[in-house]
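The values are calculated or read from the model by the stated rules, or taken from the named source; none is laboratory data. Quick caveat: nothing in here was measured; it's all calculated off a predicted structure. Please note: Cβ atoms are built from the backbone with ideal geometry, for glycine as well, and neighbour counts cover all protein chains shown. Only protein heavy atoms, including side chains, enter the accessible area calculation; ligands, DNA and RNA are left aside. Shrake-Rupley method; radii C 1.70, N 1.55, O 1.52, S 1.80 Å.
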Amino acid sequence: MKKNIGAKLGIYPTPVVVVGTYDKSGKPNLITLAWAGICCSEPASVQISVRKDRYSHAAIVERRAFSVNVPSAKYLAEADYAGMASGRNTDKFKAANLTPARGELTDAPMALEFPISMECRLTHQLELGSHDLFVGEILACWAEEEILQSSGRPDPKKVDPLVFIPGSEYFALGNLLSPAYSAGKKLMK
Ligand SMILES: Cc1cc2nc3c(=O)[nH]c(=O)nc-3n(C[C@H](O)[C@H](O)[C@H](O)COP(=O)(O)O)c2cc1C
């Protein structure tokens, strides 16, 4: 039996990304986001949802750019911290001992220590209610060389991303179950 538990945000899990911006004065900032995901293949695009009162919100609108960084589980404390402190009154890069790397193609800083960083150019902004949805075109995806497989793709075990259960806790990535587009073949007529 299933029970209606209300209009809950019932996607389990979500990713944990840390978005980089420059504020008006050029100070780099980070914000941790769980409302984020890939939303288009061509042009390669990512969507993030940010509350208007976040310090990062104005920075994204002003610079029309942001970076999306994927932290490894070993950076759990830094990611969690960037989701609590505000760039309004803190230098989060300094406090978390992270290194801002200026984007080559966009006006946004990336976190050098995180294994994957995408440079994004703001293409759309949609007011949804509590959050504004920003879509960014991915102009470059920087990956730590040590995490790359011979295919050129990042090794998920080496990326070791955090996964998030909204409002409650972080998990690590589980075990490989099956290659994609494979397990379902037995059900195809
Ligand atoms: C795991 C996690 C996920 C979060 N997801 C979001 C999100 O998707 N959107 C959002 O606006 N804030 C989210 N937050 C809250 C912001 O990260 C937090 O308010 C942050 O301090 C804002 O930083 P800023 O004021 O420097 O922009 C999240 C926080 C955590 C810890």
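Descriptive notes on the structure:
- The residue that is farthest from the chain's Cα centre (by Cα), counting only those in segment 67-100 that are small (G, A, S) and open to solvent by 40 Å² or more (accessible area, probe 1.4 Å), is A95.
- Residue that is farthest from the ligand (Cβ to nearest atom) [pool: residues in segment 148-163 that are open to solvent by 40 Å² or more (accessible area, probe 1.4 Å) and in contact with a Pro (Cβ under 9 Å, 6 or more places away or on another chain)]: L148
- Residue identified as free of Cβ contacts under 8 Å to residues at least 40 places away in the same chain and within 14 Å of the chain's Cα centre (by Cα) among A59, A7, A36: A36
- Any hit, segment 172-188, residues being more than 23 Å from T99 (Cα to Cα), among the aromatic types (F, W, Y) and open to solvent by 40 Å² or more (accessible area, probe 1.4 Å): yes
- Within segment 72-119, the set of residues being in a loop (DSSP other than H, G, I, E, B), more than 13 Å from the ligand (Cβ to nearest atom) and without any contact (Cβ under 8 Å) to a residue 24 or more places away in the chain comprises N97, T99, L112.
- Counted as qualifying within segment 1-41 are the strands (runs of 3 or more DSSP E) with 2 or more residues that are away from the ligand (no atom under 12 Å from the Cβ) and within 24 Å of A111 (Cα to Cα), namely 36-40.
- Applying the condition of being assigned to a strand (DSSP E or B) and closer than 16 Å to I138 by Cβ to segment 42-60 and asking which residue is farthest from the ligand (Cβ to nearest atom) yields S45.
- Pairs where the first residue, in segment 138-152, is among the charged types (D, E, K, R) and the second is crowded, with 16+ Cβ neighbours inside 10 Å, C-beta under 7 Å, 6+ apart: E144/P115
- Residues in segment 123-147 that are farther than 15 Å from E42 by Cα and surrounded by 15 or more Cβ atoms within 10 Å (Cβ to Cβ): 8 in all.
- Test: residue in segment 42-53 that is open to solvent by less than 30 Å² (accessible area, probe 1.4 Å), among the hydroxyl-bearing types (S, T, Y) and under 21 Å from K24 (Cα atoms): yes
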